[in-house]
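The values are calculated or read from the model by the stated rules, or taken from the named source; none is laboratory data. Quick caveat, the model's predicted, so the values are computed rather than measured. Note that we place each Cβ from the backbone using ideal geometry, even for glycine, and neighbour counts take in every protein chain shown. Calculation scope for accessible area: heavy atoms of the full protein, side chains included, ligands and nucleic acids excluded. Shrake-Rupley method; radii C 1.70, N 1.55, O 1.52, S 1.80 Å.
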Amino acid sequence: MAAAIERIDFHGQPALRLATASGAQAVVLLLGAQVVSWTPPGGTERLYLSDQARFDGSTAVRGGVPVCFPQFAARGPLPRHGFVRTMPWSLETERTGADFALVTLRCTDTEATRALWPHRFAVELTIAIEESRLDLELEVINEDDTPLSFTGALHTYLRVREVEETRIEGLYGTAYEDSTAAGEMRHDSGDVLLIEAETDRIYHEVTRPLLLREYDRSLGINQEGFRDVVVWNPWEERCAALADMPDRDFRHMLCVEAAAVREAVELAPGSNWWGRQTLVAL
Ligand code: TA6
């Protein structure tokens, strides 16, 4: 079968299904440009998506890869994680080749966004699947004649078999802000990061690729442009408090996010910035 991009309905939302000749698949909602599924050739689903996720746009879909922009979390006056994750995006480009499929989705300011954040901007997310990799590239363009600054993230929810048996390698020695301890700065000193309790960390200046290891599969995680990595698992109590996530699902997800948080990105009028996260199934 040749690579293809198909229009589908996903829980009542317009979506695109990307497929490659070797059997990789991804599903992207136009709502929020949210990737909600990615399966490498011959493999298993790599993204977590909650069975209780809401798809009516009233809140962000719980799972996949929400795009957080122009504000990360509650670090400013805007809605949590900004506003583009609940906005409709438009399909700008679609391309398929011998063994890849690629789409670019775009979102621009509206009267409602300008009322919250007085800037003219465009954000584009390019999603590409090729062999065992998923590339997500976010571009932000300042279309205004005044400077703007933003924080944000690709808030990737990875599906894991059992979070306590998952290891993350590559963060050794990196300083992080611990959001579970009022933002205290700490250092990772172990060879591997194990998730055995609530975890909400912002690692700064992550330059090495990460490796997420499970007993029968691994995932390479790389990023460019983004300087921070956020690792989040709500654990038992906080998960139970989330209305759109089953109580025990904290065991089957782990967010490893490519982020620009600790230092806001400054964009001069007319200039642009890009950041990419790449996942490679191993
Ligand atoms: O990226 C981690 C985080 O900021 C956590 O603090 C956690 O609350 C999570 O994002 C989810 O946020 P949401 O607004 O989607 O419930």
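Where Lys and Arg each count +1 and Asp and Glu each count -1, what net charge lies around VAL36 among other residues with Cβ under 14 Å from its Cβ?
Its environment carries a net charge of +2.
Report the local net charge at ARG201: Lys and Arg +1, Asp and Glu -1, summed over other residues whose C-beta lies under 9 Å from its C-beta.
Taking every Cβ under 9 Å from that of ARG201, the sum is -3.
Calculate the spin-label point distance for SER90 paired with GLU214, positioning each point 7 Å from the Cα along the beta-carbon direction, and give it in nanometres.
It is 3.9 nm.
Using a basic spin-label model with each label point 7 Å from the Cα along Cα→Cβ, how many nm lie between ALA122 and PHE55?
If labels sit at ALA122 and PHE55, their model points lie 2.9 nm apart.
In debye, nearest 20, what is the charge dipole magnitude of region 4-281 about its Cα centre with +1 on Lys and Arg Cβ and -1 on Asp and Glu Cβ, if you could check? Can you show the working numbers first?
Details: 27 positive and 44 negative charges, 60 e Å.
In total the dipole reaches around 280 debye.
So if I take the centroid of the Cα atoms in region 73-128 and the same for region 130-170, what is the distance between those two points in Å?
One Cα centre to the other: 13 Å.
Show me the trypsin sites (Lys or Arg not before Pro) within region 96-185 that DSSP assigns to loop and that have at most 13 other Cβ atoms within 10 Å of their Cβ. Write out the running numbers ahead of the final one.
Details: sites: ARG106, ARG114, ARG120, ARG133, ARG159, ARG161, ARG167; in loops: ARG120, ARG161.
Answer by residue number: ARG161.
Report the FRET efficiency, 1/(1 + (r/R0)^6), for ASP244 and GLU111, where r is their Cβ-Cβ distance and R0 is 25 Å, rounded to 0.05.
0.30
With a 10 Å cut-off between alpha carbons and a GNM built on the chain, which of GLY97, GLY225, GLY170 moves the most?
Per the Cα network of the chain with a 10 Å cutoff, GLY97 tops the list.
Viscosity 1.306 mPa s, temperature 10 °C: give me the Stokes-Einstein translational D for region 4-281 in µm²/s, with Rh taken as the Kirkwood radius over C-alpha pairs.
Working: Rh = 18.9 Å.
Translational diffusion coefficient: 84 µm²/s.
At a Förster distance of 25 Å, what's the computed FRET efficiency of GLU169 paired with TRP273, Cβ-Cβ distance as r, to 0.05?
Here the calculated transfer efficiency is 0.30.
For the pair GLU198 and ASP178, how long in nm is the line joining their label points, each one 7 Å along Cα→Cβ?
Inter-label distance under the simple model: 1.3 nm.
Express in nm, to one decimal, how much length is gained between GLU143 and ARG186 on full extension, taking 0.36 nm for each residue of separation and deducting their alpha carbon distance.
11.7 nm
With the chain treated as a Gaussian network of Cα nodes joined by springs under 10 Å, which of THR110, THR174, THR86 yields the largest mean-square fluctuation?
Maximum among the listed residues: THR110.
HN-Hα J couplings of region 188-193 from phi, Karplus 6.51/-1.76/1.60, θ = phi - 60°, integer Hz, Gly and Pro as x?
Whole-Hz 3J(HN,Hα) from phi for region 188-193: 7, 10, x, 5, 10, 9.
Would you calculate a helix-derived [θ] at 222 nm for the chain, using -39,500 (n - 2.57) for each DSSP H run of n ≥ 4 and dividing by the full residue count, to the nearest 500?
That calculation yields -1000 deg cm²/dmol at 222 nm.
Identify, among HIS187, LEU279, ALA128, the residue whose Cα sits farthest towards the positive end of the charge dipole of the chain, taking +1 on the Cβ of Lys and Arg and -1 on the Cβ of Asp and Glu, with the dipole about the Cα centre.
Of the options given, the answer is ALA128.
Taking loop as defined by DSSP and a crowding limit of 11 other beta carbons within 10 Å, which GluC sites (Glu not before Pro) in region 74-183 fit?
For GluC sites (Glu not before Pro) across region 74-183 that sit outside H, G, I, E and B with at most 11 neighbouring Cβ atoms in 10 Å, the list reads GLU162.
What number, in percent, do you get for the relative contact order of region 4-281 if the mean sequence gap of Cα pairs under 8 Å and at least 6 apart is divided by its residue count?
Once normalised by length, the contact order is 18 percent.
What's the whole-number percent of alpha carbon pairs in region 178-282 lying beyond 25 angstrom?
So the portion of pairs separated by more than 25 Å is 30 percent.
By how many nm would the segment from HIS11 to GLU131 grow when fully extended, if each residue of separation counts as 0.36 nm and the alpha-carbon distance is taken off?
Details: separation 120, 0.36 × 120 = 43.20 nm, distance 2.71 nm.
Using 0.36 nm per residue and subtracting the Cα-Cα distance, I get 40.5 nm.
Top to bottom by accessible area (1.4 Å), largest first, where do MET1, MET253, MET87 land?
So the residues, ranked largest to smallest area, are MET1, MET87, MET253.
Name the residue, out of ALA98, ALA73, ALA240, whose mean-square fluctuation peaks in a Gaussian network model built on the chain with Cα pairs under 10 Å.
Ranking ALA98, ALA73, ALA240 by mean-square fluctuation puts ALA98 first.
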